[in-house]
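Data block below; observations after.
Where a number appears in this text, it was derived from the coordinates with a stated rule and is not lab data. Since the model is a prediction, treat every value here as computed from it, not as a measurement. As a convention, Cβ positions derive from the backbone with ideal geometry for all residues, glycine included, and neighbour counts pool all protein chains shown.
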Amino acid sequence: MNGIAFVILIALAADFFLHLLADGLNLRHLSHQLPKGFEGIYDAQRYRQSQRYLKTHTQFGWIASALQLIALLVFWFAHGFPWLDRWVRALELGPILSGLLFIGVLLLFKAALTLPFSIYKTFGIEARFGFNKSTATTYILDLLKGLLLTILLGAPLLAAILAFFEYAGPHAWWICWVGITLYMLLVQFIAPVWIMPLFNKFTPLEEGQLKSAILDYAQAIEFPLENVYQMDGSRRSTKSNAFFTGFGKHKRIVLFDTLIQQHTVAELVAILAHEMGHYKKKHVRQAFVLAVLQTGFMLFLLAQFITYQGLFDAFYMPQQSVYAGMLFFAMLYAPIGLFGGLLMQVRSRKNEVAADQFAAATTQDPASMISALKKLSVHNLSNLTPHPFYVFLNYSHPPVLQRIQILSSAPLAPEGHNL
Ligand SMILES: [Zn+2]
């Protein structure tokens, strides 16, 4: 076996067993004892239900990822890649269209493979635990819109990257880097205006106590805010959320209708204060810069590997091509991606604590932040006692008990607005 194939196989196996190990530890870490502070919020039955939800999800995840791994290995070692390449080349479409077709067909294979799992998850598991609100029509429409968006937004970008690597020689990687960065910015601008309304209805929050409380708070911390919107999240799920979109002075807050139903005004302001904390502490900008740097690093490495014969030998490909080289490189890059992802999560968990503390200090009301966190975790059946290794591997936020503990012990120093 060739060295590259060996490295990719080891990486695939390591990734699979690492997650299996973390899942196992996580399940064994469940305790029947309801953690302190959750009495009266979680009743015994709902707490047991949250643990059943975790078990069901974990076991389902094992089956799904095992089958996907097996499918990939079978396709690979049954010489599926050169078979598809011969078929694409026979059409004589030129390097760019051939690349779009080659990668497009593989993405369709993958989507067809994961679709049954997604259907079972939504209409089996999520429905059984009372979360799913999506109808078959909504689900199918979402799928079609997603497919259309992938074609409209993804295909031109992929075609451009293929073209630069095909024709721009040694300059390709940095031209693509600049192009992808501009593209990411563009998508951030058009997403709230054109993309998100395709999936949900956004209505400006009606005048009232909630809206004025939010606007007052934003003004107090000098946070530029264009408007507050409500989104019909209840169309798909009873799970709740809130997020920001837009840039600069045009930032909008979006609250799920499910979130508004479940929380008091003080709790909602605390949740939004946390979100604004991410902006004020420059976490959002940081995350973007890191994503840009990571993209540049990956493109630079891609340029070094894309014509390396060993990469094509590993997948039994007799002929080199930019599109296949890109795909195989992505598999070789996966372990570096995993490692980079873990570092990003360490940073993200630290930022979450900082945003919590920002919210507590600026609202002078840590109690509302704490009760919001408690309600959210009960409502979403979150695991209150995850294993530390599982947290390290999978969590972008610290476990809720840790966040509550930090909030309860934090001194309430008022924050300078310029921090
Ligand atoms: Zn956050």
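Once you place label points 7 Å from the Cα toward the Cβ at Ala266 and Val7, how far apart are they in nm?
5.7 nm
Could you state the angle between the C-alpha long axis of helix 322-363 and the longest principal axis of the C-alpha atoms of the chain, as a value from 0 to 90 degrees rounded to the nearest 10?
10 degrees
How much length would be gained if the chain were fully extended between Asp142 and Ser396, taking 0.36 nm per residue of separation minus their Cα-Cα distance, in nm to one decimal?
Full-extension gain reported as 88.8 nm.
Angle between the Cα long axis of helix 366-379 and the longest principal axis of the chain, 0 to 90 degrees, nearest 10?
That works out to roughly 50 degrees.
Ordered by packing density, taken as the mean number of other Cβ atoms within 10 Å over each peptide's residues, highest first, how do 97-107, 388-398 rank?
Details: 97-107: 18.4, 388-398: 16.5.
Per-residue Cβ counts within 10 Å, averaged per peptide and sorted highest first, yield 97-107, 388-398.
In what sequence do Ile214, Ile10 fall when counting other Cβ within 10 Å, fewest first?
Listing Ile214, Ile10 from fewest to most nearby Cβ atoms yields Ile10, Ile214.
Could you work out how much longer the chain between Gln319 and Arg52 gets when fully extended? Use 0.36 nm per residue separation minus the Cα distance between them, nm to one decimal. Present the calculation step by step, with values, prior to reporting the outcome.
Numbers: separation 267, 0.36 × 267 = 96.12 nm, distance 5.03 nm.
Computed gain between Gln319 and Arg52 is 91.1 nm.
Rg and Dmax of segment 307-416, Cα atoms, in Å?
21.7, 66
Where does the chain land at 222 nm, in deg cm²/dmol rounded to the nearest 500, when only DSSP H runs of n ≥ 4 count, each adding -39500 (n - 2.57), divided by all residues?
Taken over the chain, the calculation gives -22500 deg cm²/dmol.
Within 10 Å, count the other beta carbons around each residue, average over each peptide in 294-302, 399-407, and list them highest first. All intermediate terms of the calculation are to be shown ahead of the outcome.
Values: 294-302: 16.6, 399-407: 18.9.
The densest-packed peptide leads the list: 399-407, 294-302.
Please give the charge dipole size of segment 249-348, origin at the Cα centre, charges +1 on K and R Cβ atoms and -1 on D and E Cβ atoms. Round to the nearest 20 debye. Could the numbers behind the result be given before it?
Working: 8 positive and 4 negative charges, 122 e Å.
Result for segment 249-348 is approximately 580 debye, rounded to the nearest 20.
Estimate the FRET efficiency between Trp83 and Gln309 by the formula 1/(1 + (r/R0)^6), using the beta-carbon distance for r and 30 Å for R0, to the nearest 0.05. It would help to have the intermediate numbers written out before the result.
On the way: r = 20 Å, r/R0 = 0.66.
It comes out at approximately 0.95.
Return P(r) of the chain (all Cα-Cα pairs; 10 Å bins starting at 0; whole %; ordered from short to long distances).
Answer for the chain: a P(r) of 4, 17, 27, 28, 17, 7, 1 percent.
Relative to the compact globular guide of 2.2 N^0.38 Å, what is the alpha carbon radius of gyration of segment 17-160, as a ratio?
Ratio of Cα Rg to 2.2 N^0.38 Å: 1.45.
Taking the convex hull of the Cα atoms, report for segment 370-411 its projected area averaged over all directions, in nm².
The orientation-averaged projected area of the Cα hull of segment 370-411 comes to 3.2 nm².
Strictly greater than 20 Å: what percent of every Cα pair in segment 77-222 meets that?
Cα-Cα pairs in segment 77-222 separated by more than 20 Å: 69 percent.
Net charge within 12 Å of Phe256 by Cβ-Cβ distance, Lys/Arg positive one each and Asp/Glu negative one each, not counting Phe256 itself?
Net local charge, Phe256 excluded: +3.
Taking neighbour Cβ counts within 10 Å as the exposure measure, how do Lys374, Lys36 sort from fewest upward?
Values: Lys374 20, Lys36 8.
Placing the least packed residue first, the sequence is Lys36, Lys374.
With angles folded into 0 to 90 degrees, how steeply does helix 209-220 sit against the dominant principal axis of the chain? Use alpha carbons for both and round to 10.
80 degrees
Are any of the pairs Lys211/Lys239; Lys110/Lys133; Lys110/Lys281; Lys145/Lys239 more than 31 Å apart by Cα-Cα distance, and if so, which?
Lys110/Lys281
For segment 299-313, just list the computed ³J(HN,Hα) in residue order, Karplus coefficients 6.51, -1.76 and 1.60, θ = phi - 60°, integers in Hz, with x standing in for Gly and Pro.
Those phi angles translate into 5, 4, 5, 4, 4, 6, 9, 5, 10, 7, 4, x, 5, 7, 4 Hz.
How high is the FRET efficiency from Glu39 to Arg128, r the C-beta distance, R0 30 Å, rounded to 0.05? Don't skip to the end; give the middle numbers.
Details: r = 27 Å, r/R0 = 0.88.
Computed FRET efficiency for Glu39 and Arg128: 0.70.
Quick one: what do you get for segment 148-203 if you divide its Cα Rg by 2.2 N^0.38 Å?
Here the answer is 1.40, to two decimals.
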